[in-house]
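Novice: Can you keep this structure in mind? I'll have questions shortly.
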Amino acid sequence: MLEIGTPAPSFMLPDQNGDMHSLEDYRGKKVILYFYPKDNTSGCTAQACGFAQLYPQFTEQGAVVLGVSRDSVASHKKFEQNYGLPFTLLSDPELTAIQAYGAWQEKSMYGKKFMGIVRTTYLIDENGLVAKAFSKVKAKENAAQMLKLL
């Protein structure tokens, strides 16, 4: 996890339309940057739909929502279309941002250990500094939790 008050790592990643985004593009706005394991899975869908449902309130607060996973641009496009997601999904197959933000960790399922994305959410302030950081967040509660912080 990144320390509160430290500069958030820069990134340059494509979105679901293939357009490139960097953290610097959002200077002057609050950024909710959330890392999730996989498009179209139950927990990740619940988390994304939570952010979609509350999206108007996030924009009213001057915040941008960015979801990041290893999935491809095409997978993100399908995910966006399946659930009418109104926010940006960033594709990070090389794990550059995922690792920089500490979301790539050892996980365990049925006694087997493997590396994967741990559901992690950051609030980054208007100056690009980490304001809040949450690891192992609950998918269904994450959007409401982040809205309360704003």
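Novice: Among the listed pairs Lys112/Lys148; Lys29/Lys78; Lys78/Lys140; Lys30/Lys113; Lys113/Lys148, which have their C-alpha atoms separated by more than 29 angstrom in this model?
Specialist: Going by Cα-Cα distance, Lys112/Lys148; Lys30/Lys113; Lys113/Lys148 fall outside the 29 Å limit.
Novice: For the chain, what is one quarter of the convex hull surface built on the Cα atoms, given in nm²? Mind dumping the intermediate values first?
Specialist: Values: hull surface 32.6 nm².
With every direction weighted equally, the projected area is 8.1 nm².
Novice: Could you list which residues have their amide H under 5 Å from that of Thr88, counting only those 5 or more apart in sequence or on another chain, with H placed in the peptide plane?
Specialist: Under 5 Å from the amide H of Thr88 lie the amide H atoms of Val65, Gly67, each far enough along the sequence or on another chain.
Novice: Of the DSSP beta bridges with both residues in the chain, give the percent that are antiparallel, rounding to the nearest 5.
Specialist: Working: 21 of 31 bridges.
Roughly 70 percent of the beta bridges in the chain run antiparallel, per DSSP.
Novice: Sticking with this one: Hand me the GluC sites (Glu not before Pro) from region 1-99 located in a DSSP loop with no more than 11 other Cβ atoms within 10 Å, in residue order please.
Specialist: Answer by residue number: Glu3, Glu94.
Novice: Let me ask something else about it. Apply the a/c threshold of 1.5 to the C-alpha gyration tensor of region 1-50 and tell me whether it is rounded, prolate or oblate.
Specialist: Oblate, because a/c is 1.5 or more while a/b does not exceed b/c.
Novice: Under 5 Å between amide H atoms, partner at least 5 residues away or on a different chain: which partners does Ala8 have, H built in plane at 1.01 Å?
Specialist: Leu129, Val130
Novice: Order these by the 10 Å Cβ neighbour count, fewest first: Thr45, Thr6, Thr120.
Specialist: So the ranking, lowest neighbour count to highest, is Thr6, Thr45, Thr120.
Novice: Can you run phi through the Karplus equation (6.51, -1.76, 1.60; θ = phi - 60°) for region 95-101 and list ³J(HN,Hα) in whole Hz, with x for Gly and Pro?
Specialist: Per residue, the Karplus-derived 3J(HN,Hα) values read 6, 5, 6, 4, 6, 4, 9 Hz.
Novice: Hey, another quick one. Which trypsin sites (Lys or Arg not before Pro) from region 1-48 combine a DSSP loop assignment with at most 13 other Cβ atoms within 10 Å? Walk me through the numbers on the way to the answer.
Specialist: Working: sites: Arg27, Lys29, Lys30, Lys38; in loops: Arg27, Lys29, Lys38.
Qualifying residues, ordered by number: Arg27.
Novice: For region 127-135, what does the Karplus curve 6.51 cos²θ - 1.76 cosθ + 1.60, with θ = phi - 60°, yield as ³J(HN,Hα) per residue in whole Hz, taken in order and with x for Gly and Pro?
Specialist: Ordered by residue, 3J(HN,Hα) equals 9, x, 9, 5, 9, 8, 9, 10, 10 Hz.
Novice: Report ³J(HN,Hα) in whole Hz for each residue of region 26-42, in order, from the Karplus equation J = 6.51 cos²θ - 1.76 cosθ + 1.60 where θ = phi - 60°; Gly and Pro get x.
Specialist: Each residue's phi maps through the Karplus curve to give 10, 4, x, 10, 6, 10, 9, 10, 10, 10, 9, x, 7, 4, 6, 9, 4 Hz.
Where a number appears in this text, it was derived from the coordinates with a stated rule and is not lab data. Computed from a prediction, not measured in an experiment: that's the story for all the values here. Every residue, glycine as well, gets a Cβ built from its backbone with ideal geometry; the counts of neighbours run over all protein chains shown.
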